[in-house]
Amino acid sequence: MDLVDTDWKKTAMATPEDLQFQEFEEAAQLLSANPEAVTRSARDLSSVKRERERESVRVNVNLSEEEGEEEEAELLSGQKKQPNFWSFDYYQSFFNIDTLQVLDRIKGSLLPLPGKNFVKHHLRNNPDLYGPFWICATLVFTVAISGNLSTFLLKMGDPQYHYRPQFHKGVSVFCPAWLSVFCYAWLVPLALWGFLQWRSSSNPSVTSYSFLETVCVYGYSLFIYIPTSILWIIPVDWLRWLLILLAMALSGSVLVLTFWPVIRDDTKPASIATVTAILLLHALLAIGCKMYFFQTATQMMMPVASLAPPTGNPNITLNQS
Amino acid sequence: MAEVDEASKPLFAGLSDVSISEDIPVEGEITVPVGSPSHDDEYSTLDEPVKETILRDLKAVGKKFGHVMYPKKSTTLLRDWDLWGPLLLCVTLALMLQGGSADSKEDGGPQFAEVFVIIWFGSVIITLNSKLLGGTISFFQSLCVLGYCILPLTVAMIVCRLVLLGGTGTASFIVRFIVVVASFGWSTFASTAFLADSQPPNRKALVVYPVFLFYFVISWMIVTFSPSHSDGATDTGP
């Protein structure tokens, strides 16, 4: 009985040891082959791989800046992995961005330099959705609140004025301001992208950016309107027009600098029409925001007269100027 | 026992011949000790009186309120998340924001449903944002933290309404403004104290900014709340 006993013990104790020993061997082999790797979860490994591929592609892009843009586009689209549309990772790839990168992109949208294309220089094949979404949301809130404050400042001296929060005009999510800003930030890039795709299919020298890059450029170009709308609280009319022209010039030039290299090889009428349309829509948004939320002193008189209680003397309001 | 050659015997054959001497005690407990005594409580919560159940949940909510008012780096809020507190706070805030004056549909304050939607929809968006940026916090934990950190703003709303009972002049506005700004800072600070650890270090600001915007909008709604007047007395003006 003793012999059988010891045999059983030996086999029982030997196999776990063997397994353990083999595991370490495999791991050691893996680590020696790839010294930079750290044992992490599978998702981290795939993101590390993706990052490394992107880095190698970026090196190629920097070295071959002079070459045609089509080659770069081919390289990039070939190497990017496509996770499933319905998986969370697909959307997480659009938020792969750090604080410093967001700040850098915002700076790039504020200061357009003639040599630097926003997409090539700042986006670097990593378009994100964080910037466009939160800049649009901040813009709507800022414009609505500043509009409310400017109305309040204008009518502060009026004894019949009763402060209204004007919640439904801008701050509420169900108001038209949200719709117009988000439509501008998403549908106009969609239309532009579709137009560029169509032109590039008929005219091979016209290239186009990806949809996300277009959305990204448009989103970041809206950033300048945030400080502009805060400065619009100052009730000086010519200052407001000056500010709006300055903002339109800056962000319009960012857009033009981004899209001109793409469209300049097209036929003359098409390229000029595209650039004009971009600038026109941009101006329309700015002026629309101003007219809807911010009213000049002369425009104030009309609503006040209608809001005055019926027993009040309507002559009082007309005397103020 | 007989002296037999052991190799020819089958296994355990000798056991039947073993006799137990009478002075060795063979008693004792064979039960395995249960992990924790609370298992017995879980088993019998169906039988306890309703008052106890409600009081237990209320105590949990109250404890979390305490954690929000004195935000320390603790994981209690995260570990035992519940959505009762946020629901309570949201309904209280929405109810107190009613009764604002409105001459036309566009000019009035928020409706009850709008406050509700803003708070819950905003929390969901912020949670999605932090998860997409690589946060390790779970969906409901984040909702729980954001909802509980509305507590200072709700307290500020109560204070504002009390101050408004006394009058609506400039002095009352200054007092309300200071109270709301203080509670806005408190809320933002408390929620970042709970949420900051779960974010990757180079994206913390990206996650904190939407929280800041969220509480800013709620503070704006509280500050601009102006009660309706039954008589024609005017209120604004220096």
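Every number in this text was worked out from the coordinates using simple rules, so none of it is lab data. Everything numeric here is computed off the predicted structure, so don't read it as measured data. Because the Cβ atoms are built from the backbone with ideal geometry, glycine has one as well, and the counts that use them run over all protein chains shown.
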**Distance between modelled label sites at A:Asn203 and A:Asn84, nm, 7 Å Cα→Cβ extension** = 4.2 nm
**Prompt:** Separation between the A:Trp260 and B:Glu27 pseudo-spin-labels, each 7 Å from Cα along Cα→Cβ, expressed in nm?
**Reply:** 10.1 nm
**Item:** Fewest-first sequence of A:Lys155, B:Lys64 by Cβ atoms within 10 Å of each Cβ
**Value:** A:Lys155, B:Lys64
**Prompt:** For B:Trp84, A:Trp232, what's the fewest-to-most ordering of other Cβ within 10 Å of each Cβ?
**Reply:** B:Trp84, A:Trp232
**Request:** State the extension gain, in nm to one decimal, for the chain segment bounded by A:Thr267 and A:Cys183, taking 0.36 nm per residue of separation less the distance between their alpha-carbons.
**Result:** 27.4 nm
**Request:** Mind giving me the FRET efficiency for B:Ala205 and B:Met96? R0 is 41 Å, r the Cβ-Cβ distance, nearest 0.05 is fine.
**Result:** 0.80
**Asked** So how far apart, in nm, are the two label points at A:Leu110 and B:Phe140 if each is 7 Å from Cα heading toward Cβ?
**Response** 4.3 nm
